[in-house]
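Colleague: Sharing a structure here in structure tokens format.
The values are calculated or read from the model by the stated rules, or taken from the named source; none is laboratory data. Since the structure is predicted, the reported quantities are computational estimates derived from the model, not experimental observations. Don't worry about glycine lacking a Cβ; one is built from the backbone with ideal geometry, like all the others, and counts go over all protein chains shown. SASA here: full protein model, heavy atoms, side chains in, ligands and nucleic acids out. Shrake-Rupley method; radii C 1.70, N 1.55, O 1.52, S 1.80 Å.
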Amino acid sequence: MSIQETITQLTDKMNQEPEGIQGIEAVYQFDVEDSGIHQVRLTEGSAEYRTGEEWTADCILTMKEANFTKLSAGDLDPTTAFITGKLKVKGNLSLAVRLQSLFAKYR
């Protein structure tokens, strides 16, 4: 499954069950090597997905495509990925930590 398909499914599930994203006002940006820039904006209990840099990102996560796939599937621990350099984070680190629970809830 492509990154676009994965993120689209994720945001669709968030919009179908918005209780897990209530109160989160943030833009996550995924800079994925060989796949470009992907953004997810969470606002007012809804999720939107765009490619490119449409919004100002609050949390930027940089990684290879294979690591994104493993991370979103729950096959790569984000903390381990960060410590080993497979995942780089810029911006709000608490949002990065929160992303792990969002992936787990909406997988």
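Colleague: Which listed residue (Gln16, Ala96, Gly45) has the Cα farthest towards the positive end of the charge dipole for the chain, taking +1 on Lys and Arg C-beta and -1 on Asp and Glu C-beta about the Cα centre?
Modeller: So the residue furthest toward the plus end is Ala96.
Colleague: Return the carbon/sulfur percentage of the accessible area of the chain, one whole number, probe 1.4 Å, all protein chains in place. Don't jump to the answer; show the numbers that get you there.
Modeller: On the way: 2790 of 5870 Å².
That fraction is 47 percent.
Colleague: Can you tell me how much longer the chain between Thr80 and Lys13 gets when fully stretched, taken as 0.36 nm per residue apart minus their C-alpha distance, in nm with one decimal?
Modeller: Fully extending the segment from Thr80 to Lys13 adds 21.5 nm.
Colleague: What is the extension gain from Lys64 to Gln4, computed as 0.36 nm multiplied by their sequence separation minus the C-alpha to C-alpha distance, in nm to one decimal?
Modeller: Taking Lys64 through Gln4 to full extension adds about 20.2 nm, to one decimal.
Colleague: Are there any GluC sites (Glu not before Pro) in the range 11-42 that are in a DSSP loop and have at most 16 other Cβ atoms within 10 Å? List them by number.
Modeller: Within the range 11-42, the qualifying GluC sites (Glu not before Pro) (loop, at most 16 other Cβ atoms within 10 Å) are Glu25.
Colleague: A follow-up question, please. Nothing charged except the Cβ atoms of Lys and Arg (+1) and of Asp and Glu (-1): what's the magnitude of the dipole of the chain about its Cα centre? Round to the nearest 20 debye.
Modeller: For this selection, approximately 340 debye.
Colleague: Ok, one more. Lys86 accessible area, nearest 10 Å², 1.4 Å probe?
Modeller: The accessible area of Lys86 comes to roughly 100 Å².
Colleague: Read phi for every residue in the range 9-21 and hand back ³J(HN,Hα) as whole Hz from Karplus 6.51 cos²θ - 1.76 cosθ + 1.60, θ = phi - 60°, with x for Gly and Pro.
Modeller: After applying 6.51 cos²θ - 1.76 cosθ + 1.60, I find 4, 4, 5, 4, 5, 4, 6, 6, 10, x, 4, x, 10 Hz.
Colleague: In whole Hz, what ³J(HN,Hα) sequence does the range 31-38 give by Karplus (6.51, -1.76, 1.60; θ = phi - 60°), x for Gly and Pro?
Modeller: Per-residue couplings from phi come out as 8, 10, 4, 6, 9, x, 9, 10 Hz.
Colleague: Can you list residues whose amide H is under 5 Å from Leu87's amide H, if they're 5+ apart or on another chain and H is modeled 1.01 Å from N?
Modeller: For Leu87, the qualifying residues are Phe82.
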